[in-house]
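**Student:** Structure below; questions to follow.
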Amino acid sequence: MSSETLSGPILTSDGIPLKVSLRKAEKRNKIRAFLLVLPLLAFILITFIIPIGDMLARSVDDRYINTVFPKTFEIYKKWDKQDLPPEEVYETMFFEINAAKGFKIGKASTRMNYSKSGWKSLIKKSQRKFKKIKEGPYKEQMIAIDKRWGDPLYWKALGEMVDPTTMGYYLNSVDLKYDSNKEIIAQPENRRIYNHTWIKTFKVSLLVTLFTLMLGYPIAYLLATLPLKYSNLLMICVLLPFWTSLLVRTVAWMIILQQNGVFNNLMVIAGLIADENRWKLMYNETGTIIVMTQILLPFMVLPLYSVMKTISPSYMKAALNLGASPLHAFWKVYMPNSLPGVSAGGLLVFIIAIGYFITPELVGGKDGQMIGNWIAYHLKTTLNWGLCAALGSVLLFVMLVFYWVYNKIIGVENIKLG
Amino acid sequence: MIKTIKLAFLGLISLAFVGSAYADMTFVSWGGAYTASQQKAYIDTWSKGSGVTVENYNGGLGEIKAQVEANNVTWDVVDVLPDQAITGCDEGLFLKVDQSHFIDDMVVKPVSECISPQIFWSYVAFYDPAAFPGKKPKTIKDFFDVKKFPGKRGIHTWANALIEMALVADGVKPSKVYDVMSSDGGIDRAFKKLDTIKDHVVFWSAGSKPLELVSSGEVVMSLAYNGRIGAAILQEGKNFEYIWDGQVLEQEYLVVVKGTKNEAEAREFVKHASTAESLALQAKYIPYGPMRSSSIDIIKKGEPYFNTGVDVLPHMPNTPKRLRRSVIADPFWWADNGAEVSERFGVWKGN
């Protein structure tokens, strides 16, 4: 080959440089591949990325209230937060309340009520009576209409919403709040509910994961090692409750575990516990853990089973042949091989458990409610979707941290479903 | 672009909430015997009743807000609680309706311009007389007195009504309850009273549960929705006694959702459903109290009025005599303070 042909571009049979032609073909393939995954991409975008983005945006969004009281907030920012705001603030507030049409003011007052209970009715009541006020000065007249206008606490509570974005919802979700100078302080003691609930949520989820593992491991082992005719029967026993409605199973547990229920009755009849000392197994945290363990068990058993099925029995035989005790062989040979299943099952159960809500609602009673119950409460009753979004985002964030830690310690590539 | 996608997403959500085919008009209520009574009294008697689809929900404004925001309203008329009626009307989720035909006939003033009246129901204490061979509890004070009447009590898992009852049991006059609740230390006082029964309570969250708790003897008395107790007595022949003293009455309203595609029908329907006759007819099937005074008169004249041929007034929460020792729940107070008190109640329960 001469050096001349090497320096010139390589041409295809129709005279186009090979590089260009290749690039063209590749591009076409890429577009085709992209079109193939487009439906999936759109699906993920619409059902996953955008909702999460929307949730994150809502958790800090405070623009609405700023469109209702733009001028008031501007003047408010100059106030020194001592005693009561100056006449100017009252005056602009008065006009902006009057100017807000229809449900605009209702929505705004709902927002104001999140930071100080009472704003809602104060605005509603005042709105009607403001018609009587013809001219300034407004401060005294407004206080005369409702003495809450003269309460500094109401005014100071506005401090957290004068910016279009707020961290207030996030603070709220971990029992903190802004004081009037926008410094972060703790919630009053009798309202500190979320940290307690977070800890309980993680505690219950971890315990449920642990219990499902303890119960599920032997079951999965039997499923994987028994002869087919027995293991099929056992499989049906695992799957049957899986196919039964969640509510039916929850209610069945209520009947069994309540203080005058089947379990306690049997214990009393057997003479194991006294009639007046019946165990409290329902309407508390214990009840939540027991019922959730049973409900989530299949999510542990199935991944475990599918992994164990792939472990060749000859490994154990070899270990035993080489002189290991059964326990030692299990610990050194079988157990490590089944770890991917443990990981998959554990992560699956934990993730489902952490957001559980119906079961704790029904059997949680006194202290078995989890963070999901509070999200549902604010979603439906107070319409405080900002707080819901913040709670949800914290949950997502914590999940990601767990995932990261898990990846560091065990490695995600070790998860196997079969 | 983002906005369109967001709308599409919200639309999807509301679809998921509803998940049913489009019909002439959709009426959404709580289900069970209550909705059955509405079906008989309002829908079956309405000229366009055959075009009404009935759906059940679990209360709250979440679904409605999602539908209105997505501009994809599939619920036309919804049965709501008063604090939802207020918040929903304030936030522009409901339409204002013509109230001229009932406004002068109401037992209490309507809470917003969006509502059409329905019924009173109440949180009321009850017991099985067999549990008390000697003296029987008569007042809400007795309910909170674990020395005089030992045994477990059933209470619900949320704060509404419990605060009011605790204060009445602590000696506050029913008519003064909300003054105390709005004053400094009023809520503390209620929680202090609740502390006295804390170790003696069993919590319930589903409306059928208190009846089971009392029937099985797990508790000696319990709070419950009066309609559930009434149904157990009237239809299942259970032997329960009410403690009307200190009951807390709640209201129930119909609203028309903003953005409904059947506005004319929806307006016509709520008007039909809130006539004195319709409200009275409902009491034939469920012992909740109609909100219009003239409906009570119709029932009084018609006794024995209940469909099984017995008197229904003994099971109604809002007879004049009972109202004297009752608290009518103030939805404005709860719209203001509900979140704060609920969080506090959560702390109280958990510790």
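**Student:** Considering only residues of the range A:399-418 that are surrounded by 13 or more Cβ atoms within 10 Å (Cβ to Cβ) and without any contact (Cβ under 8 Å) to a residue 60 or more places away in the chain, which is nearest to residue A:356 (Cα to Cα)?
**Tutor:** That would be A:399.
**Student:** Next question, about the same structure. Just need a number here: residues in the range B:48-73 that are away from every other protein chain (no Cβ under 11 Å) and on the phi > 0 side of the Ramachandran plot.
**Tutor:** Looking only at that region, the number is 1.
**Student:** Filter the helices (runs of 4 or more DSSP H) completely within the range A:296-377 down to those with at least 1 residues that are among the aromatic types (Phe, Trp, Tyr).
**Tutor:** Helices (runs of 4 or more DSSP H) meeting the threshold: A:313-321, A:335-354, A:371-377.
**Student:** Take residue A:46 and decide whether it is of a type in the set (A, V, I, L, M, F, W, C), surrounded by 13 or more Cβ atoms within 10 Å (Cβ to Cβ) and either touching a residue at least 12 places away in the same chain (Cβ under 8 Å) or not in a helix (DSSP H, G or I) (or both).
**Tutor:** The answer is no for residue A:46.
**Student:** Here's another thing I want to ask about it. Read through the list (1) surrounded by 10 or more Cβ atoms within 10 Å (Cβ to Cβ); (2) more than 21 Å from residue A:168 (Cβ to Cβ); (3) touching a Pro at 6+ places or on another chain (Cβ under 7 Å); (4) not hydrophobic (A, V, I, L, M, F, W, C), then give the number of the only condition that residue A:63 fails.
**Tutor:** Only one criterion is unmet by residue A:63, namely (2).
**Student:** For the range A:331-371, which positions are free of Cβ contacts under 8 Å to residues at least 60 places away in the same chain and within 14 Å of another protein chain (Cβ to nearest Cβ)?
**Tutor:** A:357, A:361, listed by residue number.
**Student:** Please give the helices (runs of 4 or more DSSP H) falling wholly within the range B:231-334 in which 1 or more residues are of a type in the set (Phe, Trp, Tyr).
**Tutor:** It comes to B:263-273.
**Student:** Please verify whether residue A:9 is assigned to a loop (DSSP other than H, G, I, E, B) and under 21 Å from residue A:168 (Cβ atoms), treating the condition exactly as stated.
**Tutor:** Against the criterion (assigned to a loop (DSSP other than H, G, I, E, B) and under 21 Å from residue A:168 (Cβ atoms)), residue A:9 does not qualify.
**Student:** Here's something else I'd like to know. Among residues belonging to the range A:96-132 that are more than 13 Å from chain B (Cβ to nearest Cβ) and not β-branched (Val, Ile, Thr), point out the one that is surrounded by the most Cβ atoms within 10 Å (Cβ to Cβ).
**Tutor:** Looking at residues that are more than 13 Å from chain B (Cβ to nearest Cβ) and not β-branched (Val, Ile, Thr), I get A:126.
**Student:** Could you please tell me which pairs satisfy a Cβ distance under 8 Å, a separation of 6+ or placement on different chains, a first residue in the range B:329-344 that is facing chain A (nearest Cβ under 7 Å), and a second residue that is among the basic types (Lys, Arg) and surrounded by fewer than 21 Cβ atoms within 10 Å (Cβ to Cβ)?
**Tutor:** Pairs found: B:332/A:124; B:340/A:191; B:343/A:191; B:344/A:191.
**Student:** From the residues in the range B:198-226 that are in contact with a Pro (Cβ under 9 Å, 6 or more places away or on another chain) and of a type in the set (Phe, Trp, Tyr), which one is surrounded by the fewest Cβ atoms within 10 Å (Cβ to Cβ)?
**Tutor:** Per the criteria, the residue is B:225.
**Student:** Out of curiosity, is residue A:147 of a type in the set (D, E, K, R) and within 29 Å of residue A:377 (Cα to Cα)?
**Tutor:** For residue A:147, the condition - of a type in the set (D, E, K, R) and within 29 Å of residue A:377 (Cα to Cα) - is not met.
**Student:** Output the residues belonging to the range B:181-197 that are surrounded by 14 or more Cβ atoms within 10 Å (Cβ to Cβ) and either in a helix (DSSP H, G or I) or outside the structural domain of residue B:163 (by TED's automatic domain parsing) (or both).
**Tutor:** Residues satisfying the conditions are B:181, B:182, B:186, B:187, B:189, B:190, B:191, B:193, B:194.
**Student:** Check every one of the helices (runs of 4 or more DSSP H) wholly within the range A:182-257 and list those with 1 or more residues that are of a type in the set (S, T, N, Q) and at positive phi.
**Tutor:** Where helices (runs of 4 or more DSSP H) fall fully within the range A:182-257, none carries at least 1 residues being of a type in the set (S, T, N, Q) and at positive phi.
Yes or no, residue by residue, for (1) in the same structural domain as residue A:202 (by TED's automatic domain parsing); (2) closer than 29 Å to residue B:204 by Cβ; (3) at pLDDT 90 or above:
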residue	(1), (2), (3)
A:305	yes, no, yes
A:314	yes, no, yes
A:325	yes, no, yes
A:331	yes, no, yes
A:342	yes, no, yes
A:360	yes, yes, yes
A:365	yes, yes, no
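**Student:** Moving to a separate point now. Please indicate, with yes or no, whether at least one residue in the range B:242-254 is within 12 Å of chain A (Cβ to nearest Cβ), in contact with an Asp or Glu (Cβ under 8 Å, 6 or more places away or on another chain) and not basic (Lys, Arg).
**Tutor:** Checking the range B:242-254: not a single residue is within 12 Å of chain A (Cβ to nearest Cβ), in contact with an Asp or Glu (Cβ under 8 Å, 6 or more places away or on another chain) and not basic (Lys, Arg).
**Student:** Going through A:272, A:240, A:228 one at a time, which residue ends up being exposed (fewer than 13 other Cβ atoms within 10 Å of the Cβ), away from chain B (no Cβ under 14 Å), of a type outside the set (Asp, Glu) and under 30 Å from residue B:219 (Cβ atoms)?
**Tutor:** A:272 is the lone residue from the list that is exposed (fewer than 13 other Cβ atoms within 10 Å of the Cβ), away from chain B (no Cβ under 14 Å), of a type outside the set (Asp, Glu) and under 30 Å from residue B:219 (Cβ atoms).
**Student:** Let me ask something else about it. From the list A:233, A:247, pick out the single residue that is at pLDDT 90 or above and out of contact with any Ser or Thr (no Cβ under 8 Å at 6 or more places or on another chain).
**Tutor:** Exactly one residue qualifies, and that residue is A:233.
**Student:** Separate question: Working only within the range A:378-392, note down all residues that are touching an Asp or Glu at 6+ places or on another chain (Cβ under 9 Å) and either under 14 Å from residue A:175 (Cα atoms) or assigned to a helix (DSSP H, G or I) (or both). Lay out the reasoning, then the answer.
**Tutor:** From the range A:378-392, those touching an Asp or Glu at 6+ places or on another chain (Cβ under 9 Å) are A:380-381, A:383, A:386, A:389; that's our starting set.
Passing the criteria: A:380, A:381, A:386, A:389.
**Student:** Kindly indicate whether residue A:126 is under 17 Å from residue A:157 (Cα atoms), touching a helix residue (DSSP H, G or I) at 6+ places or on another chain (Cβ under 9 Å) and at pLDDT 85 or above. Steps first, please.
**Tutor:** On the way: under 17 Å from residue A:157 (Cα atoms): no; touching a helix residue (DSSP H, G or I) at 6+ places or on another chain (Cβ under 9 Å): yes; at pLDDT 85 or above: yes.
Against the criterion (under 17 Å from residue A:157 (Cα atoms), touching a helix residue (DSSP H, G or I) at 6+ places or on another chain (Cβ under 9 Å) and at pLDDT 85 or above), residue A:126 does not qualify.
**Student:** Is it fair to say residue B:295 is crowded, with 16+ Cβ neighbours inside 10 Å, free of Cβ contacts under 8 Å to residues at least 40 places away in the same chain, in the same structural domain as residue B:42 (by TED's automatic domain parsing) and under 23 Å from residue B:235 (Cα atoms)?
**Tutor:** yes
**Student:** In this structure, is residue A:283 among the aromatic types (Phe, Trp, Tyr) and away from chain B (no Cβ under 13 Å)?
**Tutor:** Criteria not met by residue A:283.
**Student:** Consider the range A:196-225. How many of its residues are free of Cβ contacts under 8 Å to residues at least 40 places away in the same chain, within 14 Å of chain B (Cβ to nearest Cβ) and either among the polar types (S, T, N, Q) or exposed (fewer than 15 other Cβ atoms within 10 Å of the Cβ) (or both)? If you could, list the steps in order and put the result at the bottom.
**Tutor:** Residues of the range A:196-225 that are free of Cβ contacts under 8 Å to residues at least 40 places away in the same chain, as a first pass: A:196, A:199, A:203, A:210, A:214, A:218, A:222.
Still in the list and also within 14 Å of chain B (Cβ to nearest Cβ): A:196, A:199, A:203.
Restricting the remaining residues to those that are either among the polar types (S, T, N, Q) or exposed (fewer than 15 other Cβ atoms within 10 Å of the Cβ) (or both) gives A:199, A:203.
Qualifying residue count, the range A:196-225: 2.
**Student:** Working only within the range B:22-69, note down all residues that are small (Gly, Ala, Ser), out of contact with any strand residue (DSSP E or B) (no Cβ under 8 Å at 6 or more places or on another chain) and not in a helix (DSSP H, G or I).
**Tutor:** B:47, B:60
**Student:** Let me ask another. Any residue in the range B:153-160 that is modelled with pLDDT under 95, out of contact with any Phe, Trp or Tyr (no Cβ under 9 Å at 6 or more places or on another chain) and not β-branched (Val, Ile, Thr)?
**Tutor:** No, there is no match, as no residue in the range B:153-160 is modelled with pLDDT under 95, out of contact with any Phe, Trp or Tyr (no Cβ under 9 Å at 6 or more places or on another chain) and not β-branched (Val, Ile, Thr).
**Student:** Going residue by residue through the range A:133-146, is there one that turns out to be in contact with a His (Cβ under 9 Å, 6 or more places away or on another chain), in a loop (DSSP other than H, G, I, E, B) and within 14 Å of another protein chain (Cβ to nearest Cβ)? Spell out the reasoning first.
**Tutor:** Here is the first cut: in the range A:133-146, the ones in contact with a His (Cβ under 9 Å, 6 or more places away or on another chain) are none.
Looking through the range A:133-146, none of the residues is in contact with a His (Cβ under 9 Å, 6 or more places away or on another chain), in a loop (DSSP other than H, G, I, E, B) and within 14 Å of another protein chain (Cβ to nearest Cβ).
The values are calculated or read from the model by the stated rules, or taken from the named source; none is laboratory data. Computed from a predicted model, the values in this text were never measured in an experiment. Here the Cβ is made from the backbone with ideal geometry for all residues, glycine too, and neighbour counts use every protein chain on show.
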